[in-house]
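Heads up: the structure comes next, in structure tokens.
Every read-out reported here was derived from the displayed coordinates using simple, explicitly stated rules and does not represent laboratory data. Remember, predicted model here, so these are calculated numbers, not experimental data. Quick reminder, even Gly has a Cβ in these numbers, built from the backbone with ideal geometry, and neighbours come from all protein chains shown.
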Amino acid sequence: MNIYIQGAGCVSPQETAQGGTFPANVLPWEGARMKANEPDYKQWIDVKLIRRMSRVIKMGVAAAQLSLQEAGIQQPDAIITGTAYGCLDDTGVFLSKMINQQEEMLTPTAFIQSTHNTVAGQIALMLGCHGYNNTFVHKGFSFESALLDALMILKEGRSAIILTGAMDELTNHSFNILSRFDLYKKEPVTPASLLHSQTHGTVAGEGAAFFVLGTEKGANTKAKLTGVTTLYKPAGKAEIAADIAAFLAAHNCSEDEVSLMINGRNGDASGDEWYEHMENNALAGKPVACFKHLCGEYPTAASFGMWLGAKVIAEQQIAAAAMFRGTAPTEIKKVLIYNHYKQTHHSLILLTAC
């Protein structure tokens, strides 16, 4: 059974919420943090609701609405999301008020909206969708877990159309806390220099990406979601190479058939060694594109990578800003997305042209 990406929507540090082709120009950032380039949410969300929504809820709802509009679908059969951090802003507000007000006279709104499934619940309320609704909170596998759940449900025939996606936000509090773990760059970097950096650390990011997955090919279908797999704490780079070969073989795809590899290179020297090994061995000679210099590093950044891959196949071209190695192929039939989060959560996603 084929699973099709019928629509895709994304809110990211780039101008991706406008729809249409991938932005030609990369927006700059300051320091070691990329903030989402947020659109005018009034085109998707009622003004009265916007006032009570935190940033990540608005980003998730907007990305979901964009994907549904692109697919030409009013309501899905199910909603499945993934997030590692959840609604950090509302969590911070609730905890701060609890301390400042000495646990007295606390309003429940911030607590209610601080849970990880708030975004999926808000989307369901807005759409009037009473079907299956689930949120996965599996650190660096949150998005991939949501995809795997959607694939199983579609192949079992329990649903025909599923809205699935992922979102994570970065607040001032969370950025300061994560910076203490020495995760981010100390020196200034640019989009062009990040991918070639030989120092420790990366650039923090945030965003939301949603996809309408279905068993039928529609008029606006982007690509086929051929396969998804994950590997936790591999023993070494050789194990990843073997996993890629087994993954491609399981989906009747040879290494020669892969038109483009999109990887999660993020400028952290030790983490990029994994991608370097794959570029020089398992998929040697293949054109390589990257995406984390466009969206930053966060646990569900693979959703942005899949959004980029779907765009590349649909448009049959890739922006020069995303290319890292080799020449952009003129015909793009199969795209392999390889990503890892903190060198422990490794995942592979294979997209195929319809």
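Brief remarks follow.
- Dipole magnitude for the chain: computed about the Cα centre from +1 point charges on Lys and Arg Cβ and -1 point charges on Asp and Glu Cβ, it is near 300 debye.
- Charged side chains reduced to their Cβ positions (Lys and Arg at +1, Asp and Glu at -1) give the stretch 4-214 a dipole of some 120 debye around its Cα centre.
- Local net charge near Ile313, Cβ-Cβ under 11 Å (Lys/Arg +1, Asp/Glu -1): +3
- Full-stretch length increase - His173, Thr344 - with 0.36 nm per residue and alpha-carbon distance subtracted: 59.1 nm
- Protection proxy ranking of 101-108, 261-268, 126-133 - average other beta-carbon atoms within 10 Å, highest first: 261-268, 126-133, 101-108
- Which listed pairs, of Lys139/Lys217; Lys35/Lys185; Lys35/Lys333, have C-alpha distances above 22 Å, in listed order: Lys139/Lys217; Lys35/Lys333
- Here the stretch 29-70 and the stretch 104-131 have alpha carbon centers that stand 16 Å from each other.
- Under 14 Å, Cβ to Cβ, from Tyr41 - net charge with Lys/Arg +1 and Asp/Glu -1: +3
- Dipole moment magnitude, nearest 20 debye, the stretch 1-121 about Cα centre, only Lys, Arg, Asp, Glu C-beta charged: 140 debye
- Annotation: for a label point projected 7 angstrom from Cα along Cα→Cβ of Arg51, residues of the stretch 92-111 with backbone N closer than 18 Å are 107-110.
- Within the straight-line cut-off of under 22 Å between alpha carbons, the lysines reachable from Lys48 are Lys58, sequence neighbours fewer than 8 places apart in one chain being disregarded.
- Listed residues Ala284, Gly9, Phe141: farthest to the positive end of the dipole of the chain (Cβ charges): Gly9
- Residue list for the stretch 181-217, given a label point 7 angstrom along the Cα-to-Cβ vector of Arg158 and an amide N cut-off under 20 Å: 211-216
- Taking 0.36 nm per residue of separation and subtracting the Cα-Cα distance, full extension of the segment from Ala242 to Phe181 would add 18.8 nm.
- Formal net charge of residues neighbouring Val56 (Cβ-Cβ distance under 10 Å; K, R +1; D, E -1): -3
- Amide N proximity, the stretch 167-199 versus Glu273 label position 7 Å along Cα-to-Cβ, cut-off under 16 Å: 197-199
- From helices alone, the chain scores -10000 deg cm²/dmol at 222 nm; the rule is -39500 (n - 2.57) for each run of n ≥ 4 DSSP H residues, then divide by the residue total.
- Modelled spin labels at Leu125 and Gln317, positioned 7 Å past Cα toward Cβ, are 4.3 nm from each other.
- Max mean-square fluctuation residue, GNM over the chain, Cα-Cα springs under 10 Å, options Pro191, Pro28, Pro299: Pro28
- Choice from Ala120, Ala282, Ala302 with maximal GNM fluctuation in the chain (Cα, 10 Å cutoff): Ala282
- Estimated distance in nm for a label pair at Ile99 and Glu216, the labels positioned 7 Å out from Cα along Cα-to-Cβ: 5.4 nm
- Between His173, His340, His277, the Gaussian network model of the chain with springs among Cα atoms under 10 angstrom shows the greatest mean-square fluctuation at His173.
- Between Gly264, Thr221, Thr344, the Cα set farthest toward the positive side of the dipole of the chain (charges on each charged residue's Cβ, about the Cα centre) is that of Thr221.
- Projecting the Cα positions of Ala209, Val335, Ala246 onto the charge dipole of the chain (unit charges on Cβ atoms of Lys, Arg, Asp and Glu, taken about the Cα centre) puts Ala209 furthest along the positive direction.
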